[in-house]
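*Asks:* Got a structure here, written out as structure tokens. Questions coming.
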Amino acid sequence: MGALSIRDVRKSYQGTEILKGINLEIEKGELLILVGPSGCGKSTLLSMIAGLDTVSSGEIRIGDRVVNNLSPKDRDIAMVFQSYALYPSMTVRENISFGLEIRKVGKAEQQKIVERVAHTLQIGHLLDRKPSQLSGGQRQRVAMGRAIARDPSLFLFDEPLSNLDAKLRVEMRVEIKQLHQRMGTTIVYVTHDQIEAMTLGDKIAVMKAGEVQQFGTPRQIYDNPANLFVAGFMGSPSMNFIPARVESVGGGYGVRLESGANSYVFPAVSANGKLKSWEGKEVVFGIRPEQITHRVESSLGAEHIQTASLPISLTEPTGPDTLVLVPVNGREVTCRVHPAHARAPGENMELMFDLSKAVFFDPASELRIA
Amino acid sequence: MAELSQPRDTGRLIGRVIVYGLLVLVCVYYLMPLFVMVTTSLKSLDEIRAGNLLSLPQDPNLDAWGKAWSSACTGIQCEGLAGFFWNSVSFVVPAVLISTLIGAVNGYVLTMWRFRGSDLLFGMLMIGCFIPFQVVLLPMARTLGAMGIANSTTGLVFVHVVYGLAFTTLFFRNYYVTIPDELVKAAKIDGAGFWLIFRRIILPLSAPIIVVSIIWQFTQVWNDFLFGVVFSSGDRQPITVALNNLVNTSTGVKEYNVDMAAAIIAALPTLFVYVVAGKYFVRGLTAGAVKG
């Protein structure tokens, strides 16, 4: 029995279906990420887990209890909001102990819990301040402290970092991850940021238009995207999608790539057989920028390594890598190259394609072929 | 350079003079009636008849004030305004407090606990702001009669609460709209219920709008004449009605100094409320404009 299981949950609002049959299940101590563009229904789903919104049909279980008809306070959950939602008229101490007080925890016990939480989050010196006297990061900590104090069986985070500036966001992300590892809590975390999703999640549910597009570990989602949307949404810079024709090559199948006068056929090593029925037809060939790099002699020779000399149209130095754009089949393809090997725009560059993780999609249905 | 900038400085100076001159003029214009009232109330009747309206009193005294307070005639009885003053206090205070409190709860429900049709309900409540007093007189008289509180302080409180609700609800609703509803969600998850959230989370944030509501309602209810004259009688009438009776009592000579003193007495409480809480009034009215 999982810590949280969501079975065929649907939500309609005024005739429109916002959630179209969601199925998710996580174990105790896991961190589930709900990620997707705005309007995909991830926040609605979180609200429904919290009990702030009702379920049209389906079942939500926390532990071994069906909580569909329980009010938020009886669900044994705590939530951290995007705006932090600290009570403005109360001090930090009162904010943290408010939920305990309502649950009739004794004064001495409350005191002890507040001290412990404050110690965990290093907000001891802030306990007698009002939320208005705190910085964004401190408010964020207090909001987490309020959730931790209650020691619930499930934590819900609703885009908790999106109001912080970039640097603080990275720091807090690390802290949340440390906290999760140390306390072993079960967390459902909503975000629209795919980097947060990749770094924090044990499991990721990628959502779009009220449906879970793919549910799996970060590695599964990243390496084996179920469709074009997931492949494009996860990863930055995002995966290159190159329309290409399937041709037979050396007993197997591959895709034809053209750039200027040059033409190559790259074998689909990862999934040769599945392309058979696509011979002569066009597919979407997907390859991540980091799988196209400068030529490394020691890697050459393997079947999944192909090289091509391509003209550079633009370079974008990011510091650790330089992104090099080259035209292939009429698309600008992004390659991730070590800065020392990057050439200038206008020149040709010898690029090495690692095809072991290349993926292929049906251009019409956008589903994965291989 | 200094020479070059001179014409600009002169221009600015002239502008300032014009602006301040106008402001002083407007001030004088608005303060003149008050000045005449105060000085007249401190003069003797002989001095008023002989002298200039704008001159300062030669021998200022509070005789007229004393008379207005305790012995001027309001119709057939001659006991001054004192009793009526306390009449007004006795129904204005509960009416203001009750309408403010109910307005706060209404605003809370209409923003934080929305239900199907809550916007429609709010819209209909708003129409209440535009209903003229005269329209409700007869139905209200029947209602008060049916409830058995006609001609009583309770009845007058009821009338003013009902009439004030539209305004207080509007104030509180518009103020609470600016409070993020995540606060209420957080409190719900913390285990707090409807009233606890209202008392512990929402009310402590409401000080500015409570002040606005109190000032508004106090001025409205205290200054009301029509409801007072219609729904009360005899020695239970509010001070506004008594003031009218005092000024219109036609026996003997017209005592302008007493009239003036009485008028100031009747206006003092609203003045007092404005002076004490006026700055909160402006602050409260604009509170929603800035993100807190």
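*Asks:* Keeping every protein chain present and rolling a 1.4 Å probe, give me the accessible area per residue for chain A in Å².
*Replies:* Value returned for chain A: 43 Å² of accessible area per residue.
*Asks:* Counting alpha carbon pairs within less than 8 Å and at least 6 residues apart, what relative contact order, in whole percent, applies to chain B?
*Replies:* It comes to 28 percent, rounded to a whole number.
*Asks:* Would you work out the charge dipole size for chain A about its Cα centre, treating the Cβ of every Lys and Arg as +1 and the Cβ of every Asp and Glu as -1, and quote it to the nearest 20 debye?
*Replies:* Rounded to the nearest 20 debye, it is 1100 debye.
*Asks:* About its Cα centre, what dipole magnitude does the protein assembly as shown give when the only charges are +1 on Lys and Arg Cβ and -1 on Asp and Glu Cβ, stated in debye to the nearest 20? Spell out each step's value before the answer.
*Replies:* Values: 61 positive and 56 negative charges, 183 e Å.
That gives the protein assembly as shown a dipole magnitude of about 880 debye.
*Asks:* Roughly speaking, what is the centre-to-centre gap between the range B:147-188 and the range A:118-142 when only Cα atoms are used, to the nearest Å?
*Replies:* Each part reduced to its Cα centre gives a spacing of 36 Å.
*Asks:* What value, in deg cm²/dmol to 500, does the helix sum -39500 (n - 2.57) over DSSP H runs of n ≥ 4 give at 222 nm once divided by the residues of chain B?
*Replies:* Computed ellipticity for chain B at 222 nm equals -24000 deg cm²/dmol.
*Asks:* Next question. Over the range A:240-361, what percent of the accessible surface lies on carbon and sulfur atoms, probe 1.4 Å?
*Replies:* Taking all protein chains in place, the range A:240-361 shows 48 percent carbon and sulfur surface.
*Asks:* Quick one: compute the contact order of the range A:107-199, relative version, from alpha carbon pairs under 8 angstrom and 6+ residues apart, as a percent.
*Replies:* RCO, the range A:107-199: 27 percent.
*Asks:* Additional query: For the residue pair residue B:86 and residue B:271, what label-to-label distance in nm results when each label sits 7 Å from Cα along the Cα-to-beta-carbon direction?
*Replies:* For the pair residue B:86/residue B:271, the computed spacing is 2.3 nm.
*Asks:* If you don't mind, there's one more thing I want to ask. Using a/c under 1.5 as the rounded threshold, could you call the protein assembly as shown rounded, prolate or oblate? The axes a ≥ b ≥ c are square roots of the C-alpha gyration tensor eigenvalues, and prolate needs a/b larger than b/c, oblate otherwise.
*Replies:* Prolate.
*Asks:* Continuing with this model, one more query. Summing both sides, how much accessible area is buried between B and A? Use a 1.4 Å probe and give Å² to the nearest 100.
*Replies:* 1700 Å²
*Asks:* Right, next: Residues of the range B:178-194 losing 40 Å² or more of accessible surface, assembly versus chain alone, probe 1.4 Å, please list them.
*Replies:* The answer is B:182, B:183, B:185, B:186, B:188, B:189, B:190, B:191.
*Asks:* Defining a contact as two alpha carbons under 8 Å apart and six or more residues distant in sequence, what relative contact order in percent does the range B:2-61 show?
*Replies:* On the way: 22 pairs, mean separation 15.7, N = 60.
Relative CO of the range B:2-61 lands at 26 percent.
*Asks:* Excluding residues on the same chain fewer than 8 positions from residue A:20, give the lysines whose Cα lies under 25 Å from its Cα.
*Replies:* Straight-line reach from residue A:20, under 25 Å: A:11, A:42, A:203, A:208, B:185.
*Asks:* Calculate, axis by axis, the spread of Cα positions in the range A:240-361 along the three principal axes, and write the results as whole Å, longest axis first.
*Replies:* Computed over the Cα atoms, the extents are 42, 30, 23 Å.
*Asks:* Choose one of A:235, B:36, A:163: the residue whose Cα lies farthest towards the positive end of the charge dipole of the protein assembly as shown (beta-carbon charges +1 Lys, Arg; -1 Asp, Glu; about the Cα centre).
*Replies:* B:36
*Asks:* Grab the beta carbon distance between residue B:32 and residue B:162, set R0 = 41 Å, and tell me the FRET efficiency rounded to 0.05.
*Replies:* 0.60
*Asks:* Go through B:137, A:367 and list them by solvent-accessible area, largest first, probe radius 1.4 Å.
*Replies:* A:367, B:137
*Asks:* Could you work out what % of the accessible surface of the range B:133-292 is carbon and sulfur, using a 1.4 angstrom probe and leaving DNA, RNA and ligands out of the count?
*Replies:* Percent of accessible area from carbon and sulfur atoms in the range B:133-292: 65.
*Asks:* Keeping all protein chains in position, work out how much accessible area residue A:334 exposes to a 1.4 Å probe, and write it in Å² to the nearest 10.
*Replies:* Surface open to solvent at residue A:334 totals about 20 Å².
*Asks:* For residue B:43, give me every one of the lysines with a C-alpha distance below 21 angstrom, ignoring sequence neighbours fewer than eight places off in its own chain.
*Replies:* Counting by Cα, and skipping residues close in sequence, residue B:43 has these lysines nearby: B:67, B:254.
*Asks:* Note down the magnitude of the dipole of the range A:240-361 about its Cα centre, charges +1 on Lys and Arg C-beta and -1 on Asp and Glu C-beta and zero elsewhere, to the nearest 20 debye.
*Replies:* Using only the charged Cβ atoms, the result is roughly 340 debye.
*Asks:* Under a Cβ-Cβ cut-off of 13 Å, what is the net charge of the residues other than residue B:252 that fall near it, where Lys and Arg count +1 and Asp and Glu count -1?
*Replies:* Here the charged neighbours net out to 0.
*Asks:* I'd like to know which of A:294, A:317, A:246 lies farthest towards the positive end of the charge dipole of the range A:240-361, counting +1 on Cβ of Lys and Arg and -1 on Cβ of Asp and Glu.
*Replies:* A:246
*Asks:* Please determine, in degrees from 0 to 90 and to the nearest 10, the orientation of helix A:92-102 with respect to the longest principal axis defined by the Cα atoms of chain A, where the helix direction is its Cα long axis.
*Replies:* With rounding to tens, the tilt is 70 degrees.
*Asks:* Shifting gears a bit: Treating cross-link reach as a plain straight distance, find the lysines whose alpha-carbon is under 27 Å from the alpha-carbon of residue A:276, omitting any fewer than eight places away in the same chain.
*Replies:* Cross-link targets: A:357.
*Asks:* Arrange the residues A:141, A:169 by how much accessible surface each exposes, largest first, with a 1.4 angstrom probe.
*Replies:* Descending accessible area places them as A:169, A:141.
*Asks:* Roughly how many Å² is the accessible area per residue of the range B:111-238, as a whole number, for a 1.4 Å probe? Intermediate results must be reported in sequence, preceding the final value.
*Replies:* On the way: 5970 Å² over 128 residues.
On a per-residue basis, 47 Å².
*Asks:* Only helical DSSP H runs with n ≥ 4 go in: add -39500 (n - 2.57) per run for chain A, normalise by residue count and round the 222 nm mean residue ellipticity to 500 deg cm²/dmol. Please report the intermediate quantities before stating the final value.
*Replies:* Working: 8 runs with 86 residues, N = 370.
After summing the helix terms and dividing by the residues of chain A, the value is -7000 deg cm²/dmol.
*Asks:* Which trypsin sites (Lys or Arg not before Pro) in the range A:231-338 pass both tests, a DSSP loop state and at most 16 other beta-carbon atoms within 10 Å?
*Replies:* Details: sites: A:245, A:256, A:274, A:276, A:281, A:295, A:331, A:336; in loops: A:281, A:295.
Taking the range A:231-338 and a limit of 16 other Cβ atoms within 10 Å, the loop trypsin sites (Lys or Arg not before Pro) found are A:281, A:295.
*Asks:* Can I ask one more? Anything losing 50 Å² or more of accessible area from the isolated chain to the full protein assembly: pick those residues out of the range A:98-120, probe 1.4 Å, ligands and DNA/RNA ignored.
*Replies:* A:98, A:102
*Asks:* Between residue A:247 and residue A:338, what is the label-to-label distance in nm when each label sits 7 Å out along the Cα-to-Cβ direction?
*Replies:* For residue A:247 paired with residue A:338, the spin-label model returns 3.2 nm.
*Asks:* Does the range B:1-140 come out rounded, prolate or oblate, given a ≥ b ≥ c as the square roots of the eigenvalues of its C-alpha gyration tensor, rounded meaning a/c under 1.5 and, failing that, prolate meaning a/b above b/c?
*Replies:* oblate
*Asks:* Taking the alpha-carbon centroid of each part, what is the distance from the range A:23-100 to the range B:33-79 in angstrom?
*Replies:* For the range A:23-100 versus the range B:33-79, the Cα centre distance is 70 Å.
*Asks:* Okay, moving on. With unit charges on the beta carbons (Lys and Arg positive, Asp and Glu negative) and the dipole taken about the Cα centre of the protein assembly as shown, which residue among A:144, B:217, A:273 sits farthest to the positive side?
*Replies:* B:217
*Asks:* Leaving ligands and nucleic acids out of the surface, order B:243, B:271, A:154 by accessible area at 1.4 Å, largest first.
*Replies:* On the way: B:243 35, B:271 85, A:154 0 Å².
The ordering from most to least exposed comes out as B:271, B:243, A:154.
*Asks:* Compute the long axis of helix A:107-121 from its Cα atoms, compare it with the longest principal axis of the Cα atoms of chain A, and write down the angle in degrees, 0 to 90, nearest 10.
*Replies:* 20 degrees
*Asks:* How high is the FRET efficiency from residue B:207 to residue A:38, r the C-beta distance, R0 45 Å, rounded to 0.05?
*Replies:* 0.80
*Asks:* Oh, and also: Once you order the gyration tensor axes a ≥ b ≥ c over the Cα atoms, which shape class does the range A:4-233 get: rounded for a/c under 1.5, otherwise prolate or oblate by comparing a/b with b/c? Intermediate values should be presented prior to the final figure.
*Replies:* Details: a/c = 1.95, a/b = 1.47, b/c = 1.33.
Note, shape of the range A:4-233 comes out prolate.
*Asks:* Running a GNM on chain B with Cα contacts under 10 Å, which residue among B:252, B:155, B:75 ends up with the highest mean-square fluctuation?
*Replies:* Sorting by GNM fluctuation, first place goes to B:252.
*Asks:* Kyte-Doolittle mean at least -1.0 and Cα extent at least 27 Å along the axis: which DSSP H helices of chain B qualify?
*Replies:* Answer set is B:2-42, B:82-112, B:153-176, B:256-285.
*Asks:* Let me ask something additional. What figure in square angstrom, to the nearest 10, would you give for the accessible area of residue A:42 with a 1.4 Å probe?
*Replies:* Number for this one is 10 Å².
The values are calculated or read from the model by the stated rules, or taken from the named source; none is laboratory data. This structure is a prediction, so every number in the text was calculated from the model and none was measured. Please note: Cβ atoms are built from the backbone with ideal geometry, for glycine as well, and neighbour counts cover all protein chains shown. These area figures cover heavy atoms from the full protein model, side chains too; ligands, DNA and RNA do not enter into them. Shrake-Rupley method; radii C 1.70, N 1.55, O 1.52, S 1.80 Å.
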